[in-house]
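Participant: Quick one: this structure, given as structure tokens, is what I'll be asking you about.
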Amino acid sequence: MEWEIFLAPYRQAVDELKVKLRGYRDLYEVTSENSPIEFVTGRVKPIPSIIEKARRKGMPLTQLNTQMQDLAGIRVMCQFVDDIRRVVELIRSRTDLMVVEERDYISEKKKSGYRSYHVVVQYPVQTVSGEKKILVEIQVRTLAMNFWATIEHSLNYKYNGKIPSDVKTRLLRAAEAAFRLDEEMSQIRDEIRVAQLRFLQKNADEE
Ligand SMILES: Nc1nc2c(ncn2[C@@H]2O[C@H](COP(=O)(O)OP(=O)(O)OP(=O)(O)O)[C@@H](O)[C@H]2O)c(=O)[nH]1
Ligand SMILES: Nc1ncnc2c1ncn2[C@@H]1O[C@H](COP(=O)(O)OP(=O)(O)OP(=O)(O)O)[C@@H](O)[C@H]1O
């Protein structure tokens, strides 16, 4: 019950931000522009995972609100690597939250092969006892990065965090393959864009 009371504003923050970020899709549809957002998920960290992480990192449970940045988590999936930058700019430009930290695991992937762009924001929620500023971790990634991270996460779970080294090596190779797929898709999109521009230009010249 105490956990539920403590986590209530985090649930509220996740619910509100899911709605707000999903809203961009409709806004882009109106302007017929490509939405940089494919889909959005969110979760409040499960209690056993909070307790395990606090123990692992030596965080006192009384300091969770300031020290554990991912109690409230949002994930934004994009089609293309370029869209990630557009989403991060959308987040930075919002006036209903404040960016407190950014971690770029795309320019510099993690040792595991993990790639994503993380933005930690401070988001105010209105509770019955007044305004509470909540830390929310927003992970922005492509569909391919998400595919890899989801599988790696479940393997980690299966192996209790101790993935055998041959599996680790294969996961690293898979991460590179996912990144090459992202690069290939970006090139295809760029080529289509150039072809479309040429087509429009040709039509304009003929008129
Ligand atoms: N699947 C997967 N997810 C990762 C990996 N590294 C980070 N993440 C995700 O990103 C979150 C934040 O990671 P970091 O920015 O490294 O934060 P941290 O508090 O230093 O590290 P954690 O103890 O992993 O939370 C994690 O809670 C995961 O959801 C990884 O190697 N694989
Ligand atoms: N920012 C986020 N947005 C949406 N879902 C998330 C986010 N972070 C983690 N998740 C998902 O929530 C579920 C529970 O995650 P949990 O917090 O236990 O994992 P984790 O973030 O990898 O853990 P840890 O930070 O303790 O290493 C997993 O399926 C995970 O992929």
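FYI, it's all coordinate maths here, none of it is from the lab. As the structure is a prediction and not an experimental result, all values here were calculated from the model. Here the Cβ positions follow ideal geometry from the backbone for every residue, glycine too, while neighbour counts run over all protein chains shown.
Participant: Using packing as a proxy for protection, rank 44-50, 128-134 so that the peptide with the highest average count of other Cβ atoms within 10 Å comes first.
Facilitator: In decreasing order of mean packing, 44-50, 128-134 become 44-50, 128-134.
Participant: Right, next: Tally the DSSP beta bridges in segment 2-145 and give the antiparallel ones as a percent, rounded to 5.
Facilitator: Of all bridge pairs located within segment 2-145, approximately 75 percent are antiparallel.
Participant: Residue by residue, what Karplus-based ³J(HN,Hα) values in Hz, rounded to whole numbers, does segment 152-157 have, using 6.51, -1.76 and 1.60 with θ = phi - 60° and x for Gly and Pro?
Facilitator: 4, 5, 6, 5, 4, 5
Participant: Nearest 0.05, what FRET efficiency do residue 27 and residue 160 give at R0 = 41 Å with Cβ-Cβ as r?
Facilitator: Values: r = 43 Å, r/R0 = 1.05.
The value I calculate is 0.40.
Participant: Sticking with this one: Note down the nm distance, to one decimal, between modelled labels 7 Å out along Cα→Cβ at residue 129 and at residue 169.
Facilitator: Modelled inter-label distance: 5.4 nm.
Participant: Would you mind checking 53/109; 110/158; 20/57 for any pair whose Cα atoms are more than 28 angstrom apart?
Facilitator: Working: 53/109 22 Å; 110/158 20 Å; 20/57 32 Å.
Too far apart for the 28 Å limit: 20/57.
Participant: Would you mind calculating the gained length between residue 15 and residue 98 on full extension (0.36 nm times residue separation, minus the Cα-Cα distance), in nm to one decimal?
Facilitator: Extending this stretch completely gives an extra 28.1 nm.
Participant: Ranked highest first by the average count of other Cβ atoms within 10 Å around their residues, in what order do 106-113, 63-70 fall?
Facilitator: Descending packing order for the listed peptides: 63-70, 106-113.
Participant: Please list the non-local residues whose amide H lies under 5 Å from the amide H of residue 142, H modeled 1.01 Å from N, same-chain partners needing a gap of 5 or more.
Facilitator: 78
Participant: For residue 52, project a label point 7 Å along Cα to C-beta. Then give me every residue of segment 124-138 with its amide nitrogen under 20 Å of that point.
Facilitator: 137
Participant: As a check on your grasp of the helix formula, calculate [θ] at 222 nm for the chain: sum -39500 (n - 2.57) over DSSP H runs of n ≥ 4, divide by the residue count, round to the nearest 500.
Facilitator: For the chain, the value works out to -19000 deg cm²/dmol.
Participant: How large is ³J(HN,Hα) for each residue in segment 60-77, as worked out from phi by the Karplus curve 6.51 cos²θ - 1.76 cosθ + 1.60 (θ = phi - 60°), to whole Hz, x for Gly and Pro?
Facilitator: Whole-Hz 3J(HN,Hα) from phi for segment 60-77: x, 4, 6, 9, 4, 4, 9, 9, 9, 7, 10, 4, 10, x, 10, 10, 10, 9.
Participant: Can you tell me the order of 161-169, 21-29, 137-145 when each peptide is scored by its average per-residue count of other Cβ atoms within 10 angstrom, highest first? Could you put the intermediate results ahead of the total?
Facilitator: Numbers: 161-169: 11.3, 21-29: 14.0, 137-145: 23.4.
Packing order, densest peptide first, comes out as 137-145, 21-29, 161-169.
Participant: To continue, here is another question. Using the Karplus curve 6.51 cos²θ - 1.76 cosθ + 1.60 with θ = phi - 60°, work out ³J(HN,Hα) for each residue of segment 97-103 in order, rounded to whole Hz, and write x for Gly and Pro.
Facilitator: Using θ = phi - 60°, the values come out as 8, 10, 6, 10, 7, 10, 10 Hz.
Participant: Rounded, prolate or oblate: which fits the chain when a ≥ b ≥ c are the square roots of the eigenvalues of the alpha-carbon gyration tensor, with rounded for a/c under 1.5 and prolate only if a/b beats b/c?
Facilitator: Oblate, since a/c reaches 1.5 and b/c is not below a/b.
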